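The values are calculated or read from the model by the stated rules, or taken from the named source; none is laboratory data. Note that this is a predicted model, so its numbers are computed, not measured. FYI the Cβ positions are ideal-geometry reconstructions off the backbone, even for glycines, and counts take in every protein chain you see. Accessible surface is based on the protein model in full, side chains and every heavy atom, while ligands, DNA and RNA are left aside. Shrake-Rupley method; radii C 1.70, N 1.55, O 1.52, S 1.80 Å.
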Amino acid sequence: MRIMYIMLNKRCGLWPVMLLAAPMLAWSDDESALLSKSRELTADYATQLKAALQASMASGGPVEAITVCSDVAPQLASEISRASGAKVRRTSWRFRNPGNAPNDWEAQALNHLEATGEQEFFEVTPDGGARYLKAIPTGPVCLSCHGETLAPAITEQLTEAYPHDRATGFAVGDLRGAFSVAWPPESSESESSP
């Protein structure tokens, strides 16, 4: 539909854009249910991860927090994925763990978030699944491990844990990465079933 939208937009002016955009502006019940669930899952993930990071920062500082991102975050994602039936994870262009590299769709969605400044991106797939990306902006506390200048102990720990680390050099407000939710095929149809 996007390819058709772009082609019509270039050939016929704004009328086709308005006609095609109108149905896209109002989510169907299936889509809005998956969008709402995606938002709930990412909010839950973010809340649990933030609590774990705050607890580790309080008990052992930023060096201790590194283990939360490396060990606790994937466990949380796995638990939320099992409970929901969606695949939930984190991704970024500048990742620490190569397993967090974006897939093709996530790469396109990350580009969209960066280009537009929007905080989320959602789409229903032709097979009835859905995909959602929620921006993770860099906050002041993130700079301890993801900023331009890191304490020597943090640099040492990161070098040991992530020899090919790409996740430094951020400033407050930068797009640090995103929470990703992928619903399997037919999810939008099963949402409307009793």
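Structural remarks
- For the peptides 144-153, 41-50, 178-187, the ranking by packing is 178-187, 41-50, 144-153, with the highest mean count of neighbouring Cβ atoms within 10 Å listed first.
- Accessible area per residue for segment 63-170, computed on protein heavy atoms with a 1.4 Å probe, is 52 Å².
- Segment 60-189 - convex hull of alpha carbons, volume per residue in Å³: 104
- Dipole magnitude of segment 53-194, debye to nearest 20 (Cβ charges: Lys/Arg +1, Asp/Glu -1, about Cα centre): 220
- C-alpha center-to-center spacing [segment 119-163, segment 48-110] in angstrom: 8
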